[in-house]
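Data first, discussion second: the structure below is written as structure tokens.
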């Protein structure tokens, strides 16, 4: 193998090319990225970067010079527009083509947007996904400004926390009966609802958006109940979509993501995929894992398979969210849980343990890193202590790993 091309210069793409070099691959590597900057961390964008606590260069996963130093051709600011699997060739937007022996798709995802018919294209309607999004939002974080946040998931809640800390008047609307309904138990939703309201955020659940108002710039929002809110800008946080257009046009199997097998390979034997854009089999169900941890682990596994070292990918899901001074750490996936048991550590720390029958499947740890670490290891080891034991604050959790 002489040339590996990677399309998508985010966390997964950067991890994949680094793993290739770390494992001794001495062939040609090209990393193609649409954004005009080197690969960078995305989680701090909606937190430390927006708050002005982190400069752009500190976002970079590696210094720009690292890629040249490791003989990796970084094609920043260049979009891939077509793949010809038969010819094993990628066409870029500038008209150049790249022949490949192996191709990896780490194209990531994009935010869902509001339709133009309800004001989605008005000036002042923002999303939060990449560096350009954060830079567009930053000048609007002015004390006293009025922001509407549409969507009560993690992105919306993290942005609401930043806005509150900056002194903005924030209203967050969620169409579902509660915030975090898709990803967390009511106990976790209740905690974060109370946290945000204590910081002055107006959270309105079971509340939809009818349309945004304004001539060219958004000035107000009409909610589904007919009420209107005067606003200065809007942040849309209603989920993401995998970037699969390139793969689909090339004839690869796509099903809410680029379909991959146990070795991160797509339906074409010379093309792999990893990160937000890829679906994988999780206990008999096809899912996408939208997390930094999965982007790194799956990309590194794909690199090993590209090098001809058959390595099945076993996902170990974990996530986190920082809001105000609160840290939420999540281990496992709560799909199909039928009971949640609460461990109260102290007034500001707790953990929620998800069970399906007698099996521990996930843990939400709020300001409790020990519960997170032990819960994560228990899930990985297939151990399920009784709920009575884990929720007893007198129980020392660490010995449960040896039980």
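The values are calculated or read from the model by the stated rules, or taken from the named source; none is laboratory data. Since we're looking at a predicted model, the values are computed, not measured. Please note: Cβ atoms are built from the backbone with ideal geometry, for glycine as well, and neighbour counts cover all protein chains shown.
General remarks:
- Residue count for segment 193-213 satisfying the condition of being surrounded by fewer than 18 Cβ atoms within 10 Å (Cβ to Cβ) and closer than 19 Å to residue 144 by Cβ: 3.
- Selected residue (criterion: farthest from the chain's Cα centre (by Cα)) from residues of segment 193-220 that are over 23 Å from residue 51 (Cα atoms) and not in a strand (DSSP E or B): 215
- Subset of segment 175-192 that is more than 21 Å from the chain's Cα centre (by Cα) and assigned to a helix (DSSP H, G or I) - its residue that is surrounded by the most Cβ atoms within 10 Å (Cβ to Cβ): 191
- Exclusive hit being surrounded by 17 or more Cβ atoms within 10 Å (Cβ to Cβ), without any contact (Cβ under 8 Å) to a residue 60 or more places away in the chain, in a strand (DSSP E or B) and over 16 Å from the mean Cα position of the chain (by Cα), set 362, 331: 362
- Out of 129, 146, 89, 136, one residue alone is under 29 Å from residue 38 (Cβ atoms), outside the structural domain of residue 289 (by TED's automatic domain parsing) and more than 18 Å from the chain's Cα centre (by Cα). It is 136.
- Tally of residues being free of Cβ contacts under 8 Å to residues at least 40 places away in the same chain and more than 25 Å from residue 363 (Cα to Cα) across segment 183-211: 6
- Checked against the criterion of being part of a helix (DSSP H, G or I), under 23 Å from the mean Cα position of the chain (by Cα), farther than 30 Å from residue 27 by Cβ and modelled with pLDDT of 95 or more, segment 344-352 has no qualifying residue.
- Hits in segment 31-58 - residues which are in a helix (DSSP H, G or I) and free of Cβ contacts under 8 Å to residues at least 40 places away in the same chain: 44, 57, 58
- Enumeration of residues in segment 112-157 that are touching a strand residue (DSSP E or B) at 6+ places or on another chain (Cβ under 7 Å), surrounded by fewer than 19 Cβ atoms within 10 Å (Cβ to Cβ) and not in a loop (DSSP other than H, G, I, E, B): 118, 123, 131, 133, 136, 140, 146
- Yes/no for residue 246 being part of a helix (DSSP H, G or I) and touching a residue at least 60 places away in the same chain (Cβ under 8 Å): yes
- Among the residues of segment 118-155, just one is more than 19 Å from residue 44 (Cα to Cα) and without any contact (Cβ under 8 Å) to a residue 12 or more places away in the chain, namely 121.
- Flag for residue 281 being part of a strand (DSSP E or B) and in the same structural domain as residue 16 (by TED's automatic domain parsing): yes
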